[in-house]
Every structure is written in C-alpha cells, then in structure tokens.
Amino acid sequence: MQKPPIRQGGSAARVAVIPGDGIGKEVTPEALKVLKAVSAATGRSMEFVEFDWGADKFLREGVSLPDGAVEMLRDQFDAILFGALGDPRVPSNQHAADILLGLRFKLDLYVNARPVELLHQRLTPLLGRTEKDIRLMVFRENTEGLYVGVGGFFKKGTADEIAVQEDVNSRKGVERIIRFAFEYAQSKGLKRVCMSDKSNAMTFAHDLWQRVFKLVRQEYSGIESRHLYIDTLAMEIVRDPSLFDVIVTCNLFGDIISDLGAQLAGGLGLAPSGNIHPGQTSLFEPVHGSAPNIAGKGIANPLGSVLASAMMLEFLGWNMEAVALNRAVKAAVHENFVTPDLGGTHKTVEVGDWLAKLVSNASMTRPPTQSK
C-alpha cells in the first residue's frame, strides 16, 4: 500500500541512499555524516538505508534498477539521497539511464530544481559580481521533452542514415512546472519569473509553452513575469545575473542553463539539485557526476552533496536543519576549508568532518538575526 503524502515537518524521516559510482561513493558518506550530526543536534530521527545500485552491481549481476525498486522507494521512503552514476567500464552508461532517468520518470519527479547561489565572490568568473548579484532558481521540466526517448534510426550505419528524436510536451506537464515556478516565487517573496523557450523555431512544442505561460501568469499579478528565448536568456544571465529570481523552462534548456548558472556560481562542485514531486518521495543529488578521473583520490568536493542534503531537509520541512547545512557550507567556503577544486588543500573526509562538527554547534540552528 502506498504511504500517505509526506507531512512536512515531521519528527522522523526515512531516507534511501544510493551512492552510485565514482566520487558518488566518496561524497555521499560525508553528506550522511553531516546529516547525522545536525539531526542529533536538533533531536530529529532520520533513518538511512543504503542501496548498492551502480556500475559494480550492473557488471556483476546485469541489474541496474531491481524489480520492485520504484514501488519500494515510493511506499517506504520519504526521500532519496543520490550520489552519482557513470563508469568507463559501462561505455553505454545504460545502468545510469535505467536508474536515474527511470526514477525520474517512474516516480513522476516533474520538478528539477537547480539553485544558483554565489557563496563567495572569488568563485565567480564574472568580474565585479558579488554574492548579492547571483542568487536565483532554475526550474527544469523533468519528465518530458527530448529526454523521453521517443525516436529512432533509419538505415543506421549507412551513408543514408536518418536519426529522429521527438520533443514531447503535454499540456499537463507544461502547466504544472510553470505553476510550480510561480508558487515557489510567491512562497519565497520573490518578484520575478522568467519563462524561456525557443518558440520562434520550435513552433509547435513551444507554442504550447507560450500559451500556457500567458494563461498561468494572469493568476499571479503580483509577480513580474516575462519571456526570453533561450539564446537571449543565456546571454542575459551572463551579462547581468541579478536580473533573475526564478527561471522556468523545458527539460533540455533547463539542463543547459542550470549548468551555465552553476559555473557562474563557482562550478559544478557546488551545485545541488532536487528532483521533486510535491508531497511524494523525491530525489536529491549533487550534479557534478561521477568524475572517474579523480575517483579514489580523496579530493572530491562534498559540498554539492551537502547542499543537496539541505534541499532534502527543506523538502521534508526541516527548515532549521536545512539552514544549518547551508550556513556550514558557506562558512567552509569563506574560511577556505575546501577541496582543491575550490582552491583549498583539504581532503574530502576532512571537509566532511569539519562540517559535521560545525552543524553540531547549537548556534548553527538558531534562526537568523533580522537585519534592521
């Protein structure tokens, strides 16, 4: 029997943990270390159950996502903490597609939330920009578009080969992600929502986005809403990221523009994401990938995984704990207690230990002081 919708703010939570491949196996334990420390400090109860789904299992058993896994995650867990997938021993990356895309589609995780926040001005490649200039949220439609795998080959491997990839957009899918973006802006007191498409070229699929956006925006008169073509958005977000609060777009464009945003905020090592269906089991992960070139060296950056954990805590309604994790990561960046990719000298485990110790301090979970 499927469990009832997740009640935000409950005193206990059950989390499935999938470290996956490469550095996912290194950063996920550090995130768990920090989660355990903050839950102990605030008296919360959090149970973690780890699953060995990844390249090793796939190569050993031929199994990527086991039978019944989706239903088990849906019915028995509140959230999923994910590491990374990808291994050179599986050139097709089939196991990664089966697991990650499988969970996104089968759990209907239609919101891909990618916060873009600069934690220290030394990390951005944009000259003269400070923390106040780069703080926005990208919402990417996560279950449709070009990622659904509709298409095929004709005369594959010949000089006459034709490859077709279909872009799938439903009224339901488009409306719910656009509405989610407006609701998020409203709940956070944000004033601007930008919808981005390429309707001047994709005259059918993105005409749907245009029409739905025009209808939904009428319900949120207190929020400034505008549309930009995706190429214009890419230019504008580099020219002046402070112009944006919330961006909502399709699956492919969201994938691209959120990585652009991550680079402006210091790189993928600091980029978390949430794959969300409100009220249902949702998945949280860093977006840096498995990075096989540095796996096993002990230098992987755990901050993205910790920030993803903070997103998970906020999703669960554990706002005080989420704030503590975000504060700790910002403190690590400001004190340069970070891994080499961010200019530090510390190992993955050292950063995890430092963060865990910091969030154990009661002062980290106090509400922020209101500025006058």
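The values are calculated or read from the model by the stated rules, or taken from the named source; none is laboratory data. All figures in this text were calculated on a predicted structure; none of them were measured in a lab. No Cβ is skipped: glycine too gets one built from the backbone with ideal geometry, and neighbour counts run over all protein chains shown.
Would you check which residues across the stretch 167-226 are among the β-branched types (Val, Ile, Thr), outside any loop (DSSP other than H, G, I, E, B) and within 22 Å of PHE244 (Cβ to Cβ) and list them? Spell out how you get there, then give the answer.
Of the residues in the stretch 167-226, the ones among the β-branched types (Val, Ile, Thr) are 168, 174, 177-178, 193, 203, 212, 216, 223.
Those still in the list that are outside any loop (DSSP other than H, G, I, E, B) too: 168, 174, 177-178, 193, 212, 216.
Hits for the stretch 167-226 are VAL174, ILE177, ILE178, VAL193, VAL212, VAL216.
Go through (1) assigned to a loop (DSSP other than H, G, I, E, B); (2) touching a residue at least 60 places away in the same chain (Cβ under 8 Å); (3) crowded, with 18+ Cβ neighbours inside 10 Å; (4) in contact with a Leu (Cβ under 8 Å, 6 or more places away or on another chain) for GLY86 and report which single condition fails.
Going through (1) assigned to a loop (DSSP other than H, G, I, E, B); (2) touching a residue at least 60 places away in the same chain (Cβ under 8 Å); (3) crowded, with 18+ Cβ neighbours inside 10 Å; (4) in contact with a Leu (Cβ under 8 Å, 6 or more places away or on another chain) one by one, GLY86 breaks only (4).
Of everything in the stretch 121-163, what is surrounded by 11 or more Cβ atoms within 10 Å (Cβ to Cβ), farther than 25 Å from VAL193 by Cα, at pLDDT 95 or above and out of contact with any strand residue (DSSP E or B) (no Cβ under 7 Å at 6 or more places or on another chain)? Give them in sequence order.
ARG122, LEU123
Take the stretch 171-197 and flag every residue that is surrounded by 12 or more Cβ atoms within 10 Å (Cβ to Cβ) and polar (S, T, N, Q).
Selection gives GLN186, SER196.
Scanning for something at pLDDT 95 or above and more than 20 Å from ALA300 (Cα to Cα), does the stretch 16-25 turn up at least one residue?
There is at least one residue in the stretch 16-25 that is at pLDDT 95 or above and more than 20 Å from ALA300 (Cα to Cα).
Within the stretch 236-263, which residues are within 25 Å of GLY189 (Cβ to Cβ) and of a type in the set (Phe, Trp, Tyr)?
Scanning the stretch 236-263 gives a single hit, PHE244.
Among the residues of the stretch 40-60, are any under 21 Å from ASN275 (Cα atoms), within 19 Å of the chain's Cα centre (by Cα), part of a strand (DSSP E or B) and not aliphatic (A, V, I, L, M)?
no
Give me the residue from the stretch 317-344 that is acidic (Asp, Glu) and surrounded by fewer than 22 Cβ atoms within 10 Å (Cβ to Cβ) and, out of that set, nearest to ALA271 (Cα to Cα). Quick ask: steps written out before the conclusion?
Pass one, the stretch 317-344, residues acidic (Asp, Glu): 321, 335, 341.
Filter once more, so that each one left must be surrounded by fewer than 22 Cβ atoms within 10 Å (Cβ to Cβ): 335, 341.
On the way: GLU335: 19, ASP341: 13 Å.
Filtering first and then ranking leaves ASP341.
Among (1) at pLDDT below 95; (2) touching a helix residue (DSSP H, G or I) at 6+ places or on another chain (Cβ under 7 Å), which single condition is ALA271 missing?
Evaluating ALA271 over (1) at pLDDT below 95; (2) touching a helix residue (DSSP H, G or I) at 6+ places or on another chain (Cβ under 7 Å) leaves (1) as the failure.
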